[in-house]
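Asks: Dropping a structure here in structure tokens format, bear with me for questions.
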Amino acid sequence: MSHVWKRLSDPYTLAKGIVLSALVYLTFVVILPSTLLTWQEAHTTGTLDVTPAMRAQLVETLADKVARRYVDEKKGAQVAAAIRQAERHGEYDGISSPGQFAHLMTSELIRFSDDQHMRVVFVPAEVPVFPERPFPIAHEEDLSLPAWLVDRVGRYMARFGVEEVTQSDAGIGYLRLDAFFRPYLAAEKFAAAMDRLADSKALIIDLRSNGGGSRDSVALLASYFFDQPTHLSDVIAPRTGERLHMWTRKNVEGTRYGSSRPVYILTSHATFSAAEDFAYAMQTRKRATIVGEVTGGGAHPIAPSRLSAHFVVQMPVAESISPITRTNWEGVGVQPDIVVPAERAHSVANDLILKTQLATETDAGRHDLR
């Protein structure tokens, strides 16, 4: 027994044991099941055919879900009627591939609704029955020790949307963010980025390739740029009357950037959904200057609905409303303060910051000469 305790008290031996445990866990709990799941998914994809009866049922279920849940009741009824009519007229005949059917129905929903948030997804693994809520409940992560070890390694290696963090010799910070992952995954990355940018004189946040993600992470990131709790938006589900009030957080990990230093946000036509939410909130609160192109125009938060054991539809079920403008950017996009092609947005924002710094230093120098 003393021999065992002696070995456990050796940091090197203990570290080897932890690594070995993690590798065993990865192999038998993560990698092997994942490989089997991949085989199962490939097998399901190859053997599942969408029969005419199945297709008709899926279209009818889809139409019913859209009519009952889509954020705009009138438009939802119109979209439902359109896909039912297309099915009756045989426009979907001959589609037997599940992936092709999902792609086609996605195209049809977007065509009839002009809403880029609409999507039908084929899921090879069986989809469990789940409750339909406009605001899905966030589940706390409760991990075993081996799972926690793997989780920590994964978090260390993954970027979770934070693709680049730099600071120039002139003190201009740069944060490229390509997605808003859930706070559970993104919080540490945000904190580390803001620590690195703590001494910058101005900050450029690049959302030109950001297609959206978690609204909770939007509120989390915005929290770094306000000194007091700030009301960002209200998320309202008009069909049920439910609503969420989105505020910045009182406490954040890492270094708070504060509300005095200039912030510039870069946008493109590809900037969408949650990325637009962040840009719009920062702009309407006069906390950032937007530079670039008009964004994609997706302001309505989405929620999933189960169509069958292998198909899910994602659709807007709520709307984001600014407490400042009393509206949102749906269909029109976030309008930049300075409109330039996306490829020039970074250099334009950088030049604006340098000119402001130069003017400030010149004014200060003149003041010293008096």
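The values are calculated or read from the model by the stated rules, or taken from the named source; none is laboratory data. Here the structure is a predicted model, which is why all the values come from computation and not from measurement. Here Cβ is always computed from backbone atoms with ideal geometry, including for glycine, and neighbour counts include all displayed protein chains.
Asks: Out of all the residues in the range 322-344, is one or more aliphatic (A, V, I, L, M), in contact with a Leu (Cβ under 6 Å, 6 or more places away or on another chain) and more than 24 Å from residue 119 (Cα to Cα)?
Replies: So far as the range 322-344 goes, no, none of its residues is aliphatic (A, V, I, L, M), in contact with a Leu (Cβ under 6 Å, 6 or more places away or on another chain) and more than 24 Å from residue 119 (Cα to Cα).
Asks: Can you tell me which residue is modelled with the lowest pLDDT among those in the range 98-146 that are closer than 19 Å to residue 317 by Cβ and among the small types (Gly, Ala, Ser)?
Replies: For the range 98-146, the residue satisfying everything is 138.
Asks: Just one of the numbered conditions (1) modelled with pLDDT of 55 or more; (2) assigned to a helix (DSSP H, G or I); (3) loosely packed, with under 14 Cβ neighbours inside 10 Å is not true of residue 90; which one?
Replies: (2)
Asks: Still on this structure: Quickly run through the range 63-85 and pick out the residues that are among the hydrophobic types (A, V, I, L, M, F, W, C) and touching a helix residue (DSSP H, G or I) at 6+ places or on another chain (Cβ under 7 Å).
Replies: Hits for the range 63-85 are 63, 66, 67, 77, 79, 80, 82, 83.
Asks: In the range 188-209, what residues are small (Gly, Ala, Ser) and in a helix (DSSP H, G or I)?
Replies: Selection gives 191, 192, 193.
Asks: Now a separate question. Provide a single number: the residues in the range 188-210 that are within 18 Å of the chain's Cα centre (by Cα), buried (at least 19 other Cβ atoms within 10 Å of the Cβ) and not basic (Lys, Arg).
Replies: Residues in the range 188-210 being within 18 Å of the chain's Cα centre (by Cα), buried (at least 19 other Cβ atoms within 10 Å of the Cβ) and not basic (Lys, Arg): 6 in total.
Asks: Return the pairs, sorted by first residue and then second, in which the second residue is among the polar types (S, T, N, Q), the first residue lies in the range 100-119 and is part of a loop (DSSP other than H, G, I, E, B), the beta carbons are less than 8 Å apart, and the residues are 6+ apart or on different chains.
Replies: Partner pairs satisfying both residue conditions: 117/273; 117/314; 118/106; 118/314.
Asks: Kindly state which strands (runs of 3 or more DSSP E) lie completely within the range 210-305 and contain at least 2 residues that are farther than 22 Å from residue 318 by Cα.
Replies: Strands (runs of 3 or more DSSP E) meeting the threshold: 263-267, 289-292.
Asks: Scanning the range 158-187 for residues that are of a type in the set (Ser, Thr, Tyr) and not in a loop (DSSP other than H, G, I, E, B), which turns out surrounded by the most Cβ atoms within 10 Å (Cβ to Cβ)?
Replies: 174
Asks: Here's another thing I want to ask about it. In the set 274, 303, 270, which member is at pLDDT below 95 and within 15 Å of the chain's Cα centre (by Cα)?
Replies: Going through 274, 303, 270 in turn, just one is at pLDDT below 95 and within 15 Å of the chain's Cα centre (by Cα): 303.
Asks: On to the next question. Give the range 290-314 a look and list any residue that's among the hydrophobic types (A, V, I, L, M, F, W, C) and either over 30 Å from residue 208 (Cβ atoms) or surrounded by 23 or more Cβ atoms within 10 Å (Cβ to Cβ) (or both), or say none.
Replies: The answer is 290, 291, 299, 307, 309, 311, 313.
Asks: Would you call residue 342 touching a residue at least 60 places away in the same chain (Cβ under 8 Å) and in the same structural domain as residue 242 (by TED's automatic domain parsing)?
Replies: Taking the combined requirement at face value, the residue satisfies it.
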